[in-house]
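*Asks:* Mind looking over this structure? Questions follow.
The values are calculated or read from the model by the stated rules, or taken from the named source; none is laboratory data. Note that this is a predicted model, so its numbers are computed, not measured. Cβ placement follows ideal geometry from the backbone for every residue including glycine, while neighbour counts extend to all protein chains displayed. These accessible areas exclude ligands, DNA and RNA; they are computed on the full protein's heavy atoms, side chains included. Shrake-Rupley method; radii C 1.70, N 1.55, O 1.52, S 1.80 Å.
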Amino acid sequence: MSLGQGAATIVGLFVILALVVADVVLANDSTSDNAPSQIVRWVGRYTAVVPFGLGVLMGHWFHPDDAFDPILGARSPLYLLLIGLTLGIVGFLLRWHRRGITPWPWAVAGTVLGALLWPV
Amino acid sequence: MQLPDNEVVRAITRKWVLILLTLLVAVLIVVDIVLATDADPGNTWSELMREAAKKTPVVPWLAGLVVGHWFHPGDDLDPLIDPPGNALVLLLLTVAVLAGGGVVELPPWLPLLVAAPIGAFVWPVGTRRAAPEAIQKDAA
């Protein structure tokens, strides 16, 4: 493993561990529902952009094959950005921020599209 | 019953957690773009992360657990194993995956795909259902 790969792993681990520690501390304080996980879940229930965006990152980093090229060419990441913007607008028009949505299909869709349109 | 100042604390914490998470993602994206446009190929954080994920499954495994933890199906989902047993199971599974990753080279997508449902059903997060608007009214 190169220095850069080691640094990337350590940064990734640090971010996840910081989230877990903050989660444990804030989940056990006197204020309910203020842990980062609870907040992300809560936000993800009212806008598809958050689960979709995190899914995109997962697909971007951990897609199945190094030989993958973006299926819509060099502009594919731009299309992905447009899809994200459209999701935000559609969600606002359909009042998802009041009615609520099921977040997991958006995370799955983001992962698939991240792998197809923006594979690293 | 919640004390009024609890809602204030919750609103402040929520705001700062969202600001920090947004900043984190923004910094990662900016660093990636800067590195993608320099003279050295293959040195962006995303490329390094992917290469590192082929060497050790730790990050895709933990990322899968966290994604499943956050975006599990159903708001009333209880963990399949009651706490603190679920934490012990997750710890043991993590140790097993890391040990396995040291022996066999796992493709990066595999730990993510396996960990996400485990995170969802063994470690689902629970939180309030109220819409943002309702919470603002509560706070007022």
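*Asks:* Enumerate the helices (runs of 4 or more DSSP H) found wholly within region A:69-120, keeping only those where 3 or more residues are farther than 17 Å from residue A:50 by Cβ.
*Replies:* Those helices (runs of 4 or more DSSP H) span A:76-93, A:104-117.
*Asks:* Now for a different question. When you look at residue B:79, is it at pLDDT 90 or above, within 22 Å of residue A:36 (Cα to Cα) and within 12 Å of another protein chain (Cβ to nearest Cβ), yes or no?
*Replies:* It is false that residue B:79 is at pLDDT 90 or above, within 22 Å of residue A:36 (Cα to Cα) and within 12 Å of another protein chain (Cβ to nearest Cβ).
*Asks:* Could you tell me which numbered condition residue B:95 fails, if it satisfies all but one of (1) in the same structural domain as residue B:116 (by TED's automatic domain parsing); (2) more than 20 Å from the chain's Cα centre (by Cα)?
*Replies:* (2)
A quick yes/no check of all residues on (1) farther than 25 Å from residue B:113 by Cα; (2) modelled with pLDDT under 90; (3) in contact with a Lys or Arg (Cβ under 6 Å, 6 or more places away or on another chain):
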site: B:1; (1), (2), (3): yes, yes, no
site: B:5; (1), (2), (3): yes, yes, no
site: B:17; (1), (2), (3): yes, yes, no
site: B:65; (1), (2), (3): no, no, no
site: B:70; (1), (2), (3): no, no, yes
site: B:90; (1), (2), (3): no, no, no
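*Asks:* Something else: Among the candidates A:51, A:64, which residue alone is buried (at least 17 other Cβ atoms within 10 Å of the Cβ) and either acidic (Asp, Glu) or out of contact with any Ser or Thr (no Cβ under 9 Å at 6 or more places or on another chain) (or both)?
*Replies:* Within the list A:51, A:64, the selection yields A:51.
*Asks:* Among the residues of region B:48-65, which ones are open to solvent by less than 20 Å² (accessible area, probe 1.4 Å), of a type outside the set (Gly, Ala, Ser) and facing chain A (nearest Cβ under 7 Å)?
*Replies:* Correct list: B:49, B:50, B:58, B:59, B:60.
*Asks:* May I pose another question? Before we move on, is residue A:54 closer than 17 Å to residue B:50 by Cβ and either away from chain B (no Cβ under 11 Å) or at pLDDT 90 or above (or both)?
*Replies:* yes
*Asks:* Quick one: which of B:74, B:85 is within 28 Å of residue A:106 (Cα to Cα), surrounded by fewer than 16 Cβ atoms within 10 Å (Cβ to Cβ) and in the same structural domain as residue B:115 (by TED's automatic domain parsing)?
*Replies:* B:74
*Asks:* If residue A:60 passes every condition in (1) more than 19 Å from residue B:54 (Cα to Cα); (2) modelled with pLDDT under 95; (3) at the interface with chain B (Cβ under 10 Å from one of its Cβ atoms) but one, which one does it miss?
*Replies:* With (1) more than 19 Å from residue B:54 (Cα to Cα); (2) modelled with pLDDT under 95; (3) at the interface with chain B (Cβ under 10 Å from one of its Cβ atoms) applied to residue A:60, the lone miss is (1).
*Asks:* Considering only helices (runs of 4 or more DSSP H) fully contained in region B:9-118, which possess at least 2 residues that are without any contact (Cβ under 8 Å) to a residue 12 or more places away in the chain?
*Replies:* Once the helices (runs of 4 or more DSSP H) in region B:9-118 are filtered for at least 2 residues that are without any contact (Cβ under 8 Å) to a residue 12 or more places away in the chain, what remains is B:45-55, B:85-103.
*Asks:* If residue A:110 satisfies every condition in (1) within 15 Å of residue A:61 (Cα to Cα); (2) surrounded by fewer than 17 Cβ atoms within 10 Å (Cβ to Cβ) but one, which is the exception?
*Replies:* Failed condition: (2).
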